[in-house]
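Peer 1: Dumping the structure here so I can ask a few things about it.
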Amino acid sequence: MSDGKNIAVIGLDDFHRQLLEDVRGADNYCFHGLIPYHHIVNPDRYPIEEFLHSAQRELSEIEGGVDAIIGHWDFPTTSLLPLLQAQLGLNGPSLESVLLCENKYATRLVGEEIIPELLPPFALVDPRDDAVADDPPLPYPFWLKPVVAFSSTLGFRVDGREDLKHALQQIRAGIDKFAAPFNTLMQRAHLGQRRALLNGKFCIAEGIISGRGTTVEGYVLDGEPQTYAIIDSLRGPNQVSFVGYHYPSDLPEEVGQRMEEASCRIVRHLGLRHTPFNIEFLWDEELDKLRILEINPRISKSHSPLFALVDGASHHEVAIDVALGREPRFRRGAGRWRYAAKFMPRVYAPARVTRAPTDDDLARLRQRFPDALFFSHVHEGMELSDLPNQDSYSFELGDLFLGGNSREELTRHFHEAMQILGFRFSQRVATNYE
């Protein structure tokens, strides 16, 4: 492959390798895993310096050199990328701009400078301060979560003093998993006066907001942001746990345009360059009010198969193009289905898994839905409470990707697929699929 491009991918696994190899022009790429998947995704700890040394060694061993480095996982992958890209003189964002996205309080401070009307009330909280329980940072109710985390890990709805005490206790016990590696990365960044406020050991309190969840996907090339898709994010009754993603969105066009315009404004202000991004919003339909939830300097891996089902290729294609310094030409509507969804089957109480899907079940699923993809997070005999990085109110059994020609058809396919997969538990539990 003398005329091809070497693309290094942090945490590359078999599933995402297949998505990458199905992008248009894949014959011109050679993909190389960088930092093993099981080291970077859901480990017990994130040894940043070890990651960097390992990655540098692996990069030096790639024959012909590396043309681009990409990633699709959450922190710390997103923060390792700019360091590794800069060391090789490759396209990528600055570490400083990425850390502003990683830290939820920093994101709010930057947003307050440019789009204050899109932010909920918020406050910085030191979870080690015993006085917080007697002097809450915001009027009840509010959300409390670490400034650095993902998948709603250690996030709590606080309705009163006892909830606050419980949340602080849980956060103190677990916050260092993300705080320590973030602070290590922060030492490599030039943050000026913001440094003192961005300590990963802090939390953010945010006022309760509600509405329809959506995510804008986009990219920045040479400092100019572009958006190319909106995906609907579905939450369960507790308004915390994600239960699915639908593509394409069925938002009113005018609302989608406002989200895209706000996305470009905040991305410019953050100083992001040469990176894909996704930004999560809530739209209060009754008040016609937008709120920004989160900014991620990466593609959403959860959306990748949705693009493949509807558009014929994953948006990994966008990440590759941007990393190579060229304008993406992402084609639309070339897939088999008009709609696609990622469903996240959830259980809302602790229990032991007494039956998990077998190989025969998965074969029957593929026979009924040939394009279906299912990845189980649990196995028979497992206690749901042992699942890592869950939100504070539910347990995600796995990821199920399906296509359909209407949203109603997708929902029917979901319930039928879960019947085929046949999960069982040690006690009767509430789920989002029965």
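The values are calculated or read from the model by the stated rules, or taken from the named source; none is laboratory data. The model shown is predicted, which means the values in this text are computed figures rather than measured ones. Using ideal geometry, Cβ is built from the backbone for each residue, glycine included, and neighbour counts are taken over all protein chains shown. Keep in mind that these areas ignore ligands, DNA and RNA; they rest on the heavy atoms of the full protein, side chains included. Shrake-Rupley method; radii C 1.70, N 1.55, O 1.52, S 1.80 Å.
Peer 1: Assuming R0 = 56 Å, what is the FRET efficiency of residue 379 and residue 327, from their Cβ-Cβ distance, to the nearest 0.05? Spell out each step's value before the answer.
Peer 2: Details: r = 44 Å, r/R0 = 0.79.
Plugging the Cβ-Cβ distance into 1/(1 + (r/R0)^6) gives 0.80.
Peer 1: Multiply the residue gap between residue 113 and residue 348 by 0.36 nm, knock off their C-alpha separation, and tell me the result in nm, one decimal place. Don't skip to the answer; put the middle values down first.
Peer 2: On the way: separation 235, 0.36 × 235 = 84.60 nm, distance 3.86 nm.
Fully extending the segment from residue 113 to residue 348 adds 80.7 nm.
Peer 1: According to a simple spin-label model (label point 7 Å from Cα along Cα-to-Cβ), what is the distance in nm between residue 87 and residue 250?
Peer 2: Those two pseudo-labels are separated by 4.8 nm.
Peer 1: Over region 107-182, average the accessible area per residue using a 1.4 Å probe and give it in Å², no decimals.
Peer 2: 44 Å²
Peer 1: Got a sec? Which residues in region 31-74 would a label at residue 151 touch, if it sits 7 Å along Cα→Cβ and we count backbone N under 16 Å?
Peer 2: Residues 37-46, 72-74 fall inside that zone.
Peer 1: Once amide H atoms are placed 1.01 Å from N in the peptide plane, what residues at a sequence separation of 5 or more from residue 229, or on another chain, have their amide H within under 5 Å of its amide H?
Peer 2: Result for residue 229 returns 217.
Peer 1: Just to check I understand the Karplus step: with θ = phi - 60° and J = 6.51 cos²θ - 1.76 cosθ + 1.60, what whole-Hz values come out for region 108-113, glycine and proline as x?
Peer 2: 5, 4, 5, x, 4, 6
Peer 1: In what sequence, largest accessible area first, do 329, 298, 235 appear using a 1.4 Å probe?
Peer 2: Most to least solvent-accessible, the answer reads 329, 235, 298.
Peer 1: Tell me, what is the 1.4 Å probe accessible area of residue 247, in Å² to the nearest 10?
Peer 2: Number for this one is 10 Å².
Peer 1: Need the full-extension length gain, residue 63 to residue 38, defined as separation in residues times 0.36 nm minus the C-alpha distance. One decimal, nm.
Peer 2: 6.6 nm is the gain from fully extending residue 63 to residue 38.
Peer 1: Can you tell me the length gained on complete extension of the stretch residue 261 to residue 222, counting 0.36 nm per residue apart and subtracting the Cα distance?
Peer 2: Extending this stretch completely gives an extra 12.3 nm.
Peer 1: For the chain, give the percent of accessible area contributed by carbon and sulfur heavy atoms, probe 1.4 Å, rounded to a whole number.
Peer 2: 46 percent
Peer 1: In region 296-434, if the dipole is taken from +1 on Lys/Arg beta carbons and -1 on Asp/Glu beta carbons about the Cα centre, which of 354, 414, 398 is farthest to the positive end?
Peer 2: Of the options given, the answer is 414.
Peer 1: Same structure, new question: Given a 1.4 angstrom probe, what's the average accessible area per residue across region 277-434, in square angstrom?
Peer 2: 44 Å²
Peer 1: Out of residues 5 or more away from residue 377 or on other chains, whose amide H comes under 5 Å of its own, with H placed 1.01 Å from N in the peptide plane?
Peer 2: Sorted by chain and number, the residues that satisfy this are 398, 399.
Peer 1: Quick one: what are the phi-derived ³J(HN,Hα) couplings along region 217-230, Karplus 6.51/-1.76/1.60 with θ = phi - 60°, whole Hz, x for glycine and proline?
Peer 2: Once rounded to whole Hz, the list reads 9, x, 8, 10, 10, 6, x, 10, x, 9, 10, 9, 6, 10.
Peer 1: Also: Send over a whole-number figure in Å² for the accessible area per residue of region 5-93, probe 1.4 Å. List each step's numbers first, then the result.
Peer 2: Working: 3830 Å² over 89 residues.
Spelled out: the 1.4 Å probe surface of region 5-93, per residue, equals 43 Å².
Peer 1: Something else now. What does the convex hull of the Cα atoms come to per residue for region 337-433, in Å³?
Peer 2: Convex hull volume per residue, Cα atoms: 92 Å³.
Peer 1: If the label point is 7 Å along Cα→Cβ of residue 409, which residues in region 345-378 have backbone nitrogen under 19 Å from it?
Peer 2: Within reach of a label on residue 409, which here means backbone N under 19 Å from a point 7 Å along Cα→Cβ, region 345-378 contributes 365-373.
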